[in-house]
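*Asks:* Can you read through this structure? Questions will come right after.
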Amino acid sequence: MAPLRAWLRPRSRSRSHALPNKSKKPWLVLEPLEDRTLLTQGAVPLAVVPPPAMDQPAVEGFYQVILGRKPQPDEASGWVQGMQGGLTIDQVVQGFLTSTEYQTLQVEQHYADLLGRQPEPGVVPLWMNAMEATGDGNVLP
C-alpha cells in the first residue's frame, strides 16, 4: 500500500499547487437571461374582443377546427349574431365543445382510436349520457 500512496501523493500535490492555466476556456459558460418586464393586470384587458368584422371568420374557423366541417349559412349567422349581441369567444367555443355534434365526434373518434372501428348503432347516446353524468366529459377512470 505504501508504494501506491507514494505514487499518488506527488501527483495530487502537483495538481493542487499548480497555477491555473488562463489560456483554457471555462467548460461551463452561462448566458445571461434577457430582462423580463411583466405587465400589470390593469395594463392589458383581460378579454381580447375581436372587431365585429372578425366574427364571421372566427366562427367559420371554429367549425373547421372543432367540428371538422364548413358551417351551413344559417349556423354561422346564428353564432355571429350572438357574438355581436355580447357572447364572448370563450362562450362560443364552449358552445361548440358542449354541442351534441362535437360529443358524437369525440365518441366516434375514441372508438376509432381505441377499438379501430365505428360504434354500434345506439351506443353513442349511452356514452354521451355517461359523459354528461360525470360533468367533465371523462368516462374513463
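*Asks:* Condition test on VAL92, is it among the hydrophobic types (A, V, I, L, M, F, W, C) and within 21 Å of the chain's Cα centre (by Cα)?
*Replies:* Judged against the criteria, VAL92 is a match.
This table checks each residue for (1) of a type outside the set (S, T, N, Q); (2) in the same structural domain as ASP55 (by TED's automatic domain parsing); (3) not in a helix (DSSP H, G or I).
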position: LYS70; (1), (2), (3): yes, yes, yes
position: GLU75; (1), (2), (3): yes, yes, no
position: GLY78; (1), (2), (3): yes, yes, no
position: GLY86; (1), (2), (3): yes, yes, yes
position: THR104; (1), (2), (3): no, no, no
position: GLU108; (1), (2), (3): yes, no, no
position: LEU114; (1), (2), (3): yes, no, no
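*Asks:* Moving on to the next point. Counting just the residues of segment 50-67 that are among the hydrophobic types (A, V, I, L, M, F, W, C) and exposed (fewer than 11 other Cβ atoms within 10 Å of the Cβ), which one comes out modelled with the lowest pLDDT?
*Replies:* Only one residue tops the list, namely ALA53.
The values are calculated or read from the model by the stated rules, or taken from the named source; none is laboratory data. None of the values given here were measured: they were computed from a predicted structure. Counting neighbours? That spans all protein chains shown, and the Cβs are built from the backbone with ideal geometry, glycine included.
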